[in-house]
Amino acid sequence: MVYDNQQSLVRLRWRWLIVATIYAVGLLLGYGFLLQQWQSGSEEQWLIIGAAMMIIQMGILWWALHYNHRPAEVALVPFLGYGNSMTLARGLCTMLLAGFLFAPRPTDELAWIPAILYTVERLLDYFDGYVARITGQETKLGAILDMEFDGLGFLIAIILGIQYGQLP
């Protein structure tokens, strides 16, 4: 059992690397898009804050990988599953949204990007647990990621709402 868990943890760490790579590519694509659209000099700030959020989220995922087991079991599941993948997609939206913290409020067609990112994040949150349950892939890792990514998403949305003058 211990050997199996060690093998599963190695596989999960490889999957972590894939997720981190996807996040990094998403961050660089977002930066490239804003570099063409924004022209305000705030693109580097967006990249730095987004990268900081990526480091936080990837740190949480790395730390919690050893919880990737079903609630009543101790054997690690060597894959992340659909529900966790949806939660990680939420994290990607949150990371991209975090880049807008402390940057000038986007205007024109870019003004909708933070709202769209947060809406997609919330929609994915609505379904990720359900998908995990119906596919039989509920894990303690999923519960941890859901709670942590919820907190980060709410915090960023509230700070942006205050920053944009939409919340007191």
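The values are calculated or read from the model by the stated rules, or taken from the named source; none is laboratory data. For clarity, every value in this text was computed on a predicted model and none was experimentally measured. A quick note on method: Cβ atoms are made from the backbone with ideal geometry, for glycine too, and the neighbour counts reach across all protein chains shown. Note: accessible area is taken over every heavy atom of the protein model, side chains too, but ligands, DNA and RNA are not part of it. Shrake-Rupley method; radii C 1.70, N 1.55, O 1.52, S 1.80 Å.
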Would you list 120, 74 from the most to the least accessible area, probe 1.4 Å?
74, 120
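For the chain, what does the helix formula give at 222 nm: sum of -39500 (n - 2.57) over DSSP H segments with n ≥ 4, over the residue count, nearest 500 deg cm²/dmol? Could you put the intermediate results ahead of the total?
On the way: 5 runs with 122 residues, N = 168.
Value at 222 nm, helices only, nearest 500: -25500 deg cm²/dmol.
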Residue-normalised value, i.e. accessible area per residue, for the stretch 1-45 at 1.4 Å probe, in Å², stands at 67 Å²
Note: probe point = Cα of residue 102 + 7 Å toward Cβ; backbone nitrogen < 18 Å; residues of the stretch 123-152 passing the test are 152
Work out the FRET efficiency for residue 37 and residue 74 from their Cβ-Cβ distance, taking R0 = 45 Å, and round it to the nearest 0.05.
0.35
Heads up, I need the accessible area for residue 40: 1.4 angstrom probe, whole protein in place, Å², nearest 10.
60 Å²
Candidates for semi-axes √(5λ) of the Cα gyration tensor in Å are [x] 32, 20, 17; [y] 32, 17, 12; [z] 25, 18, 16, and the calculated one carries label [y]
Helix 81-98 versus the longest principal axis of the chain: what is the Cα-based angle in degrees, 0 to 90, to the nearest 10?
20 degrees
To the nearest 10 degrees, how steeply does helix 2-37 sit against the main Cα axis of the chain, on a 0 to 90 scale?
10 degrees
Using DSSP to call loops (not H, G, I, E or B), can you name the GluC sites (Glu not before Pro) in the stretch 45-136 whose Cβ has at most 13 other Cβ atoms within 10 angstrom?
73
Any idea how far apart residue 109 and residue 66 come out in nm if each label point goes 7 Å out from Cα toward Cβ?
4.9 nm
Tilt, helix 140-163 to longest principal axis of the chain (alpha-carbon atoms), in degrees rounded to tens, equals 10 degrees
Could you tell me the extents of the stretch 61-153's C-alpha atoms along the three principal axes, largest first, rounded to whole Å?
51, 26, 18
The stretch 14-49 to the stretch 66-82: how many Å between their Cα centroids?
30 Å
Rounded to the nearest percent, how much of the accessible area of the stretch 9-94 (1.4 Å probe, protein heavy atoms only) is carbon and sulfur?
71 percent
Which whole-number percent gives the relative contact order of the stretch 1-152, counting Cα pairs below 8 Å spaced six or more residues apart?
31 percent
